[in-house]
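The values are calculated or read from the model by the stated rules, or taken from the named source; none is laboratory data. Just so it is clear, the structure is predicted and the values come from calculations on it, not from any experiment. Positions of Cβ are backbone-derived with ideal geometry, glycine not excepted, and every protein chain shown enters the neighbour counts. For accessibility, only protein heavy atoms count, side chains too; no ligands or nucleic acids. Shrake-Rupley method; radii C 1.70, N 1.55, O 1.52, S 1.80 Å.
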Amino acid sequence: MRLLSWALAKIRGKAPPPGSDILGAATLPWTGGVPAEALELSQALEGLQLKPYADAGGVWTIGYGSTRDLAGKPVTASTPAITQAQAEAMAERDLQHAAKLVAEAFPQGLPSRWAAALILMANNLGDIRKWGGSLKFMVDGKQWGEAAYQMRKYRMAAGVPLLGLVRRRWTEAAYASGYSASEAKRRAWAEIKTLDDWPRLPGDPRPAQKNTA
């Protein structure tokens, strides 16, 4: 996973320290391209598979979550196995494309951590302008707490809500809200046990729970 982070960081010409947590990055401006924050978040979430496999939604995938091979063709069950270097090249291509979509959707700019979370979502779901109107509205309005809570809705694969996607969305929301990538993922897998679970984040619009003890 560290090798993926280092390889993808070549997009910016600088690799983040292996295993680092980019503290305080929630307010740093995104300058375009694939930010180091996206690399760190991707490192925390993605696994490597050198042979094609059907993901939880039934989509054929390979490498670090790529659905298209090096030639740009959809991955199928008969797609040949790849090397780690090829997987990294496809991941670099995929994140670059996702970053372009996010830059087009938010020409006014974004905090770098929000850019990272939205790049990973765009890599997973496509152009936010097509699927995330409410989320885009909240991000455009800098309603960060509401936007983080809105991210829980994007948990469907082939029309079915998946626990793994709830955890992924919370990890992305928590990272955008200031958590380290490792802590966001740890809490997501430790605390989210059902499709309705969504641990509170800073600015959560839900009324605070009263202590009845």
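Quick one: among A89, A36, A81, which has the greatest mean-square fluctuation in a GNM of the chain with alpha-carbon springs under 10 angstrom? Fluctuation is largest for A81.
Against the chain, whose longest principal axis is taken from its Cα atoms, helix 112-125 shows a tilt of about 60°. Quick one: angle between helix 181-191 and the longest Cα principal axis of the chain, in degrees between 0 and 90, rounded to 10, please. Roughly 70 degrees between the two axes.
Using a 1.4 Å probe over the heavy atoms of the protein chains, calculate the carbon and sulfur portion of the accessible area of the chain as a whole percent. Write down the numbers at each step before the final one.
On the way: 5830 of 10600 Å².
Accessible surface attributable to carbon and sulfur in the chain totals 55 percent.
In the frame of its principal axes, the chain has Cα extents of 57, 36, 32 Å, reported largest first. Site pair W131 and A77 shows an inter-label distance of 2.5 nm when each label is modelled 7 Å from Cα along Cα→Cβ.
What is the stretch 142-213 by shape, rounded, prolate or oblate, if you read a ≥ b ≥ c off the alpha carbon gyration tensor as root eigenvalues and call it rounded for a/c under 1.5, prolate for a/b larger than b/c, and oblate otherwise? Note, shape of the stretch 142-213 comes out rounded.
For the chain: lysine pairs with Cα atoms under 17 Å, gap of 8 or more or different chains, count? Show your work: numbers first, answer last.
Working: K10/K100; K51/K73; K100/K130; K100/K136; K130/K153; K136/K153; K153/K193; K185/K193.
Number of lysine pairs found: 8.
Based on alpha-carbon positions alone, could you give the equivalent ellipsoid semi-axes of the stretch 100-157 from the gyration tensor, as √(5λ), descending, whole Å? Working shown, then result.
On the way: eigenvalues 46, 39, 20 Å².
After diagonalising the Cα gyration tensor, the semi-axes are 15, 14, 10 Å.
Using the Cβ-Cβ distance between T31 and K153 with R0 set to 41 Å, the FRET efficiency works out to roughly 0.90. So what's the gap between the Cα centers of the stretch 135-192 and the stretch 73-107, to the nearest angstrom? Here the two parts' Cα centres lie 22 Å apart.
Under a model in which nothing but the beta-carbon of Lys, Arg (+1) and Asp, Glu (-1) is charged, the stretch 158-213 shows a dipole of about 60 debye around its Cα centre.
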